[in-house]
Amino acid sequence: MTPDTSALSAHLTRGDNLVTLQSHILAEEARHPGATGTFSWILSALSISAKMIAARIRRARLSDVLGNVGTDNVQGEQQQKLDVIANEILLRCLGSRSGVAVLASEENDEPIVIQSDADKGRPYCVLFDPLDGSSNLDVCGGVGTIFSILRHDRRAPTAQAALMQRGAEQVAAGYVLYGSSTVFVLTTGTGVRMFVLDPAVGAFMLVEDNIRIPATSKSYSVNEGHRKSFPAGYQRYLDWAQDNGYSSRYAGAMVADVHRILLKGGVFLYPPTAKAPDGKLRLMYEANPMAFVIEQAGGKAFAGKERLLDVAPTSVHQRTSVVLGSADEVDHVLAHLG
Ligand code: AHG
Ligand code: MN
Ligand code: MN
């Protein structure tokens, strides 16, 4: 019997095409006539880093049983925590790209100044949380990588000073979720795109071209174990939400929680607590990139009552409180903060 290929032909003649992250990056570059290609190289370094980190995460339990933790494994290599491994992968992939002037990571106390040929082309700073929610690895839960790209100001006297830009100045941001599949979510300020890693092909394939977060969804995501030490306004909000039939969902990894909210709606909160009076999450490589993604998808992101992307940073590792998600749901929280 001859196979019926009419559906496939119709699909192809409509002009639909498979788009990989790599081809998307090249197409974007072609749309900007003055582009030097440095920005594209940085995105492609993030893409290869994500694949390398995903490969290590997929073998997480296996590498544990192949060697004693803290000792050499069967290959004679020292066992390392995946936070450290993910950090080294990102530093190595990004550090060798021309155009990267400064790197800042959750795992490094000080920003790293790259002495490469960053002066050629347009230099950038890349900030990242190499492995977010890493305690979830012990239980096969979702973990992620979060990144933020800023322009480098050559006039800044120090690397620290170069990074002190508000989130609104990010050139690009996004995250990789290593969940039941590996997902790369990216914004360059023109909407939000989602790519899924096809492990058979080794490429991130475009699956959503313009993600819009639902404006409303009766769901909140917060560590309620800390509820008694939240400021009163957050406690009033939780009382209101519970009186109004809201559901609670909390993975304990910001990437996993925010990704669910991006696709299904709801609100993510990490308020100030007794233990973390300024909030727990880091402004520059956790909150800001997520806020950029959420705003680009039509949602809202706040630090208390201030728009997150307007917060002026004073240090690379500073912490912030976070309320972000569906526009209406963020408004409900803000209305209770008084
Ligand atoms: P990291 O693993 O990079 O240190 O980040 C963990 C963060 C974040 O992913 C998550 O939202 C939050 O910590 C969870 O904190 P609690 O355990 O206090 O809920
Ligand atoms: Mn984190
Ligand atoms: Mn981390």
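Read-outs throughout are calculated quantities, based only on the coordinates presented, and are distinct from any laboratory measurement. Everything numeric in this text was worked out from a predicted model, so none of it was measured. Backbone-built Cβ (ideal geometry, glycine too); neighbour counts: all protein chains shown.
Quick notes on this structure:
- Cβ-based net charge around Tyr250, under 13 Å, with every Lys or Arg adding one and every Asp or Glu removing one: +1
- The alpha-carbon of Lys300 sits under 27 angstrom from the alpha-carbons of these lysines, leaving out residues fewer than 8 places away in its chain: Lys218, Lys228, Lys264, Lys275, Lys280.
- Other residues with beta-carbon under 11 Å from the beta-carbon of Val267 carry, at +1 per Lys or Arg and -1 per Asp or Glu, a net charge of -1.
- Spatial offset of the stretch 175-252 relative to the stretch 270-333 amounts to 13 Å, using the alpha carbon center of each.
- Loop sites in the stretch 135-224: GluC sites (Glu not before Pro), DSSP, at most 16 other Cβ within 10 Å: none
- Counted by Cβ distance under 13 Å from Met52, the other residues give a net charge of +4, where Lys and Arg count +1 and Asp and Glu count -1.
- Mean residue ellipticity (222 nm) of the chain, computed from DSSP H runs ≥ 4 via -39,500 (n - 2.57), nearest 500: -9500 deg cm²/dmol
- Of all lysines in the structure, those lying under 25 Å Cα to Cα from Lys51, and not within fewer than 8 positions of it along the same chain, are Lys81.
- Once C-alpha pairs closer than 8 Å and six or more residues apart are averaged by separation and normalised to the residue number of the chain, the relative contact order reads 15 percent.
- Cα gyration tensor category, rounded, prolate or oblate, for the chain with a/c compared to 1.5: rounded
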